[in-house]
Number of protein chains: 2
Amino acid sequence: MTLEIVSSNKSYGGWHKRYRHRSTSLNCDMVFAVYLPPQAEQGVKLPVLYWLSGLTCTDENFMQKAGAQRLAAELGLIIVAPDTSPRGAEVPGDPDNAWDFGLGAGFYLNATQEPYARHYRMHDYVVHELPALIEANFPVSGKRGISGHSMGGHGALVCALRNPGRYQSLSAFAPISNPMACPWGEKAFSRYLGDDRARWREWDASVLLAEATERLPILVDQGDRDDFLATQLKPEVLQAAAKAAGHSLTLRLQPGYDHSYYFIASFIGDHLKHHAEALKG
Amino acid sequence: MTLEIVSSNKSYGGWHKRYRHRSTSLNCDMVFAVYLPPQAEQGVKLPVLYWLSGLTCTDENFMQKAGAQRLAAELGLIIVAPDTSPRGAEVPGDPDNAWDFGLGAGFYLNATQEPYARHYRMHDYVVHELPALIEANFPVSGKRGISGHSMGGHGALVCALRNPGRYQSLSAFAPISNPMACPWGEKAFSRYLGDDRARWREWDASVLLAEATERLPILVDQGDRDDFLATQLKPEVLQAAAKAAGHSLTLRLQPGYDHSYYFIASFIGDHLKHHAEALKG
């Protein structure tokens, strides 16, 4: 598998690099970003934090706006940010060109319905194909963490909960916590997965957490002035599932914060430390 | 003068706010951004750092990408980011719609030539009108610092050097150091100021520094892999002027860094500390 370099920027003594490659999971060309801290050039094997972005994002939003590189450089964390959906002229999007389905809105699942099933397999891409590429091409320790925002928070939770043993740390910002029961999730799941709601349960973090056997401590930050909190995000459902099943979930309701990257940037440091603690231990 | 709030995001315990107002200097509506650290709500009078962005930018680039809020919150610095030119349907831009002149490229000077003279008075806006607005509406101490990037680095240097006593601290990232003698500057100065190069000297940081009497210590960071270094930026001319006139200029050539916000974010902390030291002393 060849990686074609797209761009390279020195950042906090390390490097922000973007690569293009042909994805066999998604049947299209994909671009991802990686932040390599200075330690990556010093022969040290480093843990990797996978960051999954939200609706409409690409690999660029987090790397440009979260301000994560400073602490990643200090902690010696590699950060990998994939795109949020398959891309390209051959990939079908939303029939109405909406922003909450299709391109930029892959929902980190494996679609079963036409015309999406051939390309929309972001779960397999994020969990298997991309880590294999990263682990073949960069100085990694083999430890993996995963985090994300909104649709990407849902993605991080679901990727970790569906694949026990694969991630050693987990967190999320304002995740879509119960996608089966919110408008964004209902639209996406019905089209990607079909009308049988029993199938939806396999991709819903709150359902999966209730049944999970692996006990990863989960950190979730949520702004209490987030416009999507009540209708789309519903962290209280995730919290109830954690409580009922005895999982360790730290849900922090942050007063005054909204859904933007200003919110993420304000708390990314705590998340990086949460991951580094588990990944470097 | 009324300020209309455009948006408001909580950020590192403080607030990122954007305002629209009618500018009397520029004869158009303008938007600016302000970062108010948590101390602004605690009855403390705070110093203000003015940040001037580069070509094609608005008030948003720095606030989204520089990662300055974390340390500004810690240091108790207000940061104000104006737009980079007058805006609106009534404002003439580049006749060829180029990105290096006109809209997004006001060069922080007062134009004397038609059709630009009525609107392109960014110097007066940045040095007088905007600080008056800030000082009437926010809890400020009266101390002012100024910094910027590329065209905005030129702007910061020129605003401070033309107005001794008005700023108590000064720095720049990759400034256009000798605009009279580079393609970006020659294009802008000839159109905004006319063909008489004697007039251009009043807006060239290297010329102004050679003649300056005020002795502000200046911090300049410059990436040595910046594509614009040799043709457009020329920090060596500024350095020679500083040396000849006995000014304190710390020019740091940062190995491997380019012209992007990844470069700015990597060193913004040093600049904020440089300003805070002078502004809070």
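Bear in mind that the values in this text are calculations on the coordinates, not laboratory data. Bear in mind the structure is a predicted one, so any value in this text is a computation, not a measurement. Every residue, glycine among them, receives a Cβ derived from its backbone with ideal geometry; neighbour counts consider all protein chains shown.
With charges only on Cβ, +1 for K and R and -1 for D and E, what is the dipole size of the protein assembly as shown about its Cα centre, in debye, rounded to 20?
It comes to approximately 1140 debye.
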Could you run the Karplus curve 6.51 cos²θ - 1.76 cosθ + 1.60 with θ = phi - 60° over the stretch A:104-121 and give me ³J(HN,Hα) per residue in whole Hz, x for Gly and Pro? x, 8, x, 6, 6, 10, 9, 5, 10, 9, 7, x, 9, 4, 5, 10, 7, 10
Size of charge dipole - the stretch A:80-185 - debye, nearest 20, with Cβ of Lys, Arg +1 and Asp, Glu -1, no other charges: 460 debye
Run down the lysines and flag those whose C-alpha is under 17 Å from the C-alpha of A:K187, throwing out any fewer than 8 positions away in its chain. A:K234
CD proxy, 222 nm, the protein assembly as shown: helix-only mean residue ellipticity via -39,500 (n - 2.57) per DSSP H run with n ≥ 4, per residue, nearest 500, stands at -9000 deg cm²/dmol
Which of the trypsin sites (Lys or Arg not before Pro) found in the stretch B:1-75 are in a DSSP loop and have at most 14 neighbouring Cβ atoms, other than their own, within 10 Å? B:K45
I need the calculated FRET efficiency for the pair B:T24 and A:D96, taking r as the beta carbon distance and R₀ as 60 Å, to the nearest 0.05. 0.85
Sorted from shortest, what are the nm distances separating the label point of A:A230 from equivalent points in the other copies, each placed 7 Å from Cα along Cα to C-beta? 6.2
Within the set A:F189, A:F267, A:F173, GNM on chain A using Cα springs under 10 Å gives the largest fluctuation to A:F267
Interchain or sequence-distant (5+) residues whose placed amide H lies within less than 5 Å of the amide H of A:V140 are A:L46
Can you give the charge dipole size of the stretch A:1-135 about its Cα centre, rounded to the nearest 20 debye, using +1 on the beta carbon of Lys and Arg and -1 on the beta carbon of Asp and Glu? 440 debye
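Just to confirm the filter: which chymotrypsin sites (Phe, Trp or Tyr not before Pro) across the stretch A:84-167 are DSSP coil and have at most 10 other Cβ within 10 angstrom of their Cβ? Please list the in-between numbers first.
Details: sites: A:W99, A:F101, A:F107, A:Y108, A:Y116, A:Y120, A:Y125, A:Y167; in loops: A:W99, A:F101, A:F107, A:Y108, A:Y116, A:Y120, A:Y167.
When the chymotrypsin sites (Phe, Trp or Tyr not before Pro) of the stretch A:84-167 are filtered for loop state and at most 10 Cβ neighbours within 10 Å, nothing remains.
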Counting alpha carbon pairs within less than 8 Å and at least 6 residues apart, what relative contact order, in whole percent, applies to chain B? 17 percent
Within the set B:A198, B:A181, B:A98, GNM on chain B using Cα springs under 10 Å gives the largest fluctuation to B:A198
Using a Gaussian network model on chain A with a 10 Å cutoff between Cα atoms, which of A:A242, A:A81, A:A89 fluctuates the most? A:A89
With respect to the axis carrying B onto A, what is the closest chain B residue by Cβ position, and how many angstrom separate it from the axis? B:G67, 2
Could you tell me which of B:S260, A:G148, A:G14 has its Cα farthest along the dipole of the protein assembly as shown towards the positive end, charges placed at Cβ (Lys, Arg +1; Asp, Glu -1), taken about the Cα centre? A:G14
Please list the non-local residues whose amide H lies under 5 Å from the amide H of A:N110, H modeled 1.01 Å from N, same-chain partners needing a gap of 5 or more. A:H123
Show which lysines lie in cross-link reach of A:K65 when reach means a straight Cα distance below 24 angstrom and same-chain residues fewer than eight apart are skipped. A:K10, A:K17, A:K273, B:K10, B:K17, B:K65, B:K273
At what distance in angstrom do the alpha carbon centres of the stretch B:215-278 and the stretch B:108-134 lie from each other? 25 Å
